[in-house]
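J.: I'd like to ask you about the structure that follows.
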Amino acid sequence: MAAKQEQGRIVRVGILGQGRSGRNIHAAWLSQSPEQYRIVAVSDALKDRRERAEQEYGCEAYTTYRDLLKRDDIELVVNALPSHLHPQGTVDALKAGHHVVCEKPLAPTVKDFKRMAAAARQAKRVLAPFQQSRYAAHFQQILKVLRSGVLGRVVLIKISYNGFARRWDWQTLQEFRGGNLLNTGPHPMDQALCLLGWNMPEVFCQMDRANTYGDAEDHVKVLLHRKGLPTVDLEISSCCAYSGDMFQVYGTRGGLTGGSSGLKWRYFKVKEAPGQRLIREPLPGPSYCREELKWREETWEPTAAQRDSFRSMSQAFYDHLYKVLRKGAPLFITPEQVGVQVAVMEECHRQNRLSKLSRKGWVKGS
């Protein structure tokens, strides 16, 4: 009886796809959580990946994900298929009666997102977008600083996910929903929209192809603005040879800078600042406005566990999901929140009609 009770507490999992995400992120963590999860099946079109999964996890492996979905002993399906298969794979898994974790990008269009959300409601199953970067220790610390109010009114937040890289794989192709915005962009976009309270902002986006060998963009600049809230300046570029801090916050009483390896922020207190008044007359001599502010400085550094960000974020995500599935806790990262992200990124693509690459050459984008 005790064995059966313990078995009932364990969430049996099937993973669709054994590429970098399916194996190195999801399976890597789930296989280390035997008290909560058990990988019982995977699917992948490549034979070597299937054989490797059978050896590593002691699970069954399928060539097509639809064969895996026919099993009635799987409670949770992790959709780590290629990006363009996320909507259909998720809908199929939900209709088969499974809860679903879907990798990013959740969906390329609002129409796709609505179809996925409707399938979850109709099946009465959980749809959990895998936006684990919201659990990042540095991002949670940034939220604490902003909520404390020490920086005053926040005017601008810069988020940069930049580097220098040339890339030539399937994730550089529009037909597979590739490009920096859909590949990397869901992480900073999720954080940006969290800072904006999940309200649909005004969107300005400029895309370019710089170092990619495919036809999708690899340089993206996005400005997000909503009245009464700070402007968010977001960059995801593969042609930045001197990348700087991931986050910069501009406030009326100070600012913050840094990223996953550490943060620092400084600010002044109004009561400790010299009193000033507006002067309309010319200042005497060649003079400028100068004052001495008493700056207070603080820092944050990640713990040893937090430095392994992939592990710590995956642990936080799946620990919470276990509470959702076993204790009825509400989702921390909801489909509705990520639906705003989908709408923003679809608008970014609407503003930037890139020409497409056919097998015979370039064709004008639709």
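The numbers here are math on the coordinates, done by the rules we state, and not lab data. This one's a predicted model, so the numbers in the text were calculated from it and none came from an experiment. A quick note on method: Cβ atoms are made from the backbone with ideal geometry, for glycine too, and the neighbour counts reach across all protein chains shown.
J.: Going by alpha carbons, how many degrees (0 to 90, nearest 10) lie between the helix axis of 335-351 and the longest principal axis of the chain?
T.: Roughly 70 degrees between the two axes.
J.: What is the distance, in nm, between label points placed 7 Å from the Cα along the Cα-to-Cβ direction at V155 and at L283?
T.: Using points 7 Å along Cα→Cβ, the separation is 1.7 nm.
J.: Still on this model: Enter the angle in degrees (range 0 to 90, nearest 10) between the Cα long axis of helix 137-148 and the first principal axis of the Cα atoms of the chain, meaning the one along which they spread out most.
T.: The angle comes out at about 40 degrees.
J.: May I ask for the angle, rounded to the nearest 10°, between helix 309-327 and the longest principal axis of the chain, with both axes built from Cα atoms and the value confined to 0 to 90°?
T.: That works out to roughly 60 degrees.
J.: Treat every Asp and Glu Cβ in the chain as -1 and every Lys and Arg Cβ as +1, leave all other atoms uncharged, and give the resulting dipole magnitude about the Cα centre to the nearest 20 debye.
T.: 740
J.: Could I ask something else about it? Mean separation of Cα pairs under 8 Å and 6+ residues apart, divided by the residue count of the chain: what relative contact order is that in percent? Before the final figure, lay out the partial values.
T.: On the way: 694 pairs, mean separation 57.4, N = 366.
This gives 16 percent for the chain.
J.: State to the nearest 20 debye the size of the charge dipole of segment 127-201 about its Cα centre, where the only charges are +1 on K and R beta carbons and -1 on D and E beta carbons. Kindly include the intermediate steps, with their values, before the conclusion.
T.: On the way: 8 positive and 3 negative charges, 60 e Å.
Value, rounded to 20: 280 debye.
J.: Let me ask you something else. Please return the longest stretch of the chain lacking exposed loop sites, where chymotrypsin sites (Phe, Trp or Tyr not before Pro) count only if DSSP places them in a loop and at most 12 other Cβ atoms lie within 10 Å. Write out the running numbers ahead of the final one.
T.: Numbers: sites that count: W168, Y242, Y288, W295.
The reported range is 1-167.
J.: A further question on this structure: Any chance you could count the Lys pairs in segment 2-130 whose alpha carbons are under 23 Å apart, treating pairs 8 or more apart or on different chains as valid?
T.: Lysine pairs, 8 or more places apart or on different chains, close enough: 11.
J.: Which longest uninterrupted range of the chain lacks any trypsin sites (Lys or Arg not before Pro) assigned by DSSP to a loop state (not H, G, I, E or B) and surrounded by at most 13 other Cβ atoms within 10 Å?
T.: On the way: sites that count: K70, K124, R153, R166, K227, K269, R277, R280, R290, K294, R353, R359, K360, K364.
Looking at the chain, 1-69 is the longest stretch - no exposed trypsin sites (Lys or Arg not before Pro) with at most 13 other Cβ atoms within 10 Å.
J.: Continuing with this model, one more query. Amide H of E60: which non-local residues (sequence gap of 5 or more, or other chain) have their own amide H closer than 5 Å, using H built in the peptide plane?
T.: The list, which skips near neighbours in sequence, is A41, V42.
J.: Computed FRET efficiency, Cβ-Cβ of F268 and A28, R0 51 Å: what is it to the nearest 0.05? Kindly include the intermediate steps, with their values, before the conclusion.
T.: Details: r = 45 Å, r/R0 = 0.88.
Using R0 = 51 Å, I get an efficiency of 0.70.
J.: What label, among (1) 84, 61, 36; (2) 66, 37, 36; (3) 64, 46, 43, belongs to Cα extents along the principal axes in Å computed from the structure on display?
T.: (1)
J.: Moving on. State which stretch of the chain is the longest one without any exposed GluC sites (Glu not before Pro), exposure meaning a DSSP loop state and at most 15 other Cβ atoms within 10 Å. List each step's numbers first, then the result.
T.: Details: sites that count: E35, E291, E292.
Longest stretch, sites excluded: 36-290.
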